[in-house]
């Protein structure tokens, strides 16, 4: 039979508690009733809700800490019943961990004896006030379990020791009944069924996640294998308007890249979900049986800090990826509003693409910095003094990283002044290439032979942009001195105008070709020069096609190309009668069968 205790609140000057007889009710205290009788487990009724209290309370408090008192939890079968406290750094009293170990040992012994009795009705949990210490003492079947202290009540928010003692009595009584019921055959068979069902659900969910992840990977791979939108060529049947092709290709490329990044994030989230699924299922299965449930708090305690670090890393990575997607989407919206003017629209797309990369880099640095500060605070590092000293540290670092500061400042000016951007072709000193990557510190160029050239922004003083707004074909061709120069000039201009009228190539030529005329006249021939203004980065395509057409036209009109001329003077008794070699061939009377490249040589054969 369960004994009950009643407490009396004495005047404030007494500051103590007494045990009163059952008939007397303490003033200002609620009436106390006898506890309900303890019933034995009935196999006909549900044994225990299988999903109730499987996960220990440590899961809910994995990210919560309290440094006010030294406290420790009391466990039975891996479940947390209540907490006990002790003064911090007090060598005269037992620590909270030592108290918890003593109480758990006693409680396990009592539980084992209760199970061996085979009769749950013999359970009797009650509390009595110790006269010497004036504190409640918890008893189980006449065996002392623990003394409830003021600190125990404080950490649980109780206003009186008696109230806290009643709470602990209820917790211990419930835990011992559950201890008995969970070792009955009906409960064990039920848990076996739940275990098999959980494993089946986990396997099906894992298979679904894996299948979906493979589909995402295949779709992402197909997007990567898609060829870049082709440039207009003579073999293309469709005609693109003059103000659309480059901008459309850039937008398509950016949109495809955004889709690839989105699919990559989804695939990585699915991989994380796969790990969380199996780890969570394993932790849940440990709580199905009382024999293994004690491993739950142990695993949680061991994984507390690693889980925090992993969660912080995943959160930072997820925020960076989400910010990247949001920035790409935002700039795509801006690009959608660009005008119809080709040069301005294409230039705006390139600038937005460059700013997008730089902003994403800055956002990533900020997120990583905040994450590092959070992790340091979890590790016990005082972040406030660290932040306060950041100014002094930054001032000291600035002297050691002046080149880095120059890189950042110059990179910022390059962006603001739009000197070049991602997608431009530039020349910096002796290095030329396609701007592949750009941020506030470096610029990376891809050379024609595939070399990746990295240039610190502070080293970029004079830059030649070969693709900003428009480009030009500066075409020069030498014509033979014997050719009809007027016919050659007309032919050069006609072929350029024919390309401008072409449905395909005309979309790449912005203005009528400008024939400059005979730009040079030397022994090699007359050099004709023409300018063709094209779309950015299209000067090389137009020049190649123009050379092909002009070669065919020259062959048809029998206009020879310029060839260097040499004059060789021969003296001596065996000198030939003809001394002029025009570079087109050697006279039969000459003893030399090979033209001589150096026209300043004076040959005198031996007699």
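Since every read-out is calculated from the coordinates, none of them should be taken as a lab result. Just so you know, these numbers come straight off a predicted model, no measurement behind them. All Cβ positions, glycine included, derive from the backbone under ideal geometry; neighbour counts span all protein chains shown.
Observations
- Distance between the stretch 74-110 and the stretch 405-426 - C-alpha centres, whole angstrom: 64 Å
- Here 424, 130 are placed in order of increasing Cβ neighbour count within 10 Å, fewest first, which gives 130, 424.
- Put in order of Cβ neighbour count within 10 Å, fewest first, the listed residues 117, 281 become 117, 281.
- In terms of surrounding Cβ atoms within a 10 Å radius of their Cβ, 353, 571, 160 rank from fewest to most as 571, 160, 353.
- Linear extension gain, residue 209 paired with residue 190, 0.36 nm per residue minus alpha-carbon span: 4.0 nm
- The stretch 366-383 and the stretch 269-294: distance between their alpha carbon centers, rounded to Å: 29 Å
- Spacing of the modelled spin labels on residue 255 and residue 143, each 7 Å from Cα toward Cβ, amounts to 7.5 nm.
- Between the stretch 119-163 and the stretch 463-527, the alpha-carbon center distance in angstrom: 103 Å
- With a Förster radius of 41 Å applied to the beta-carbon distance between residue 312 and residue 121, the computed FRET efficiency rounds to 0.20.
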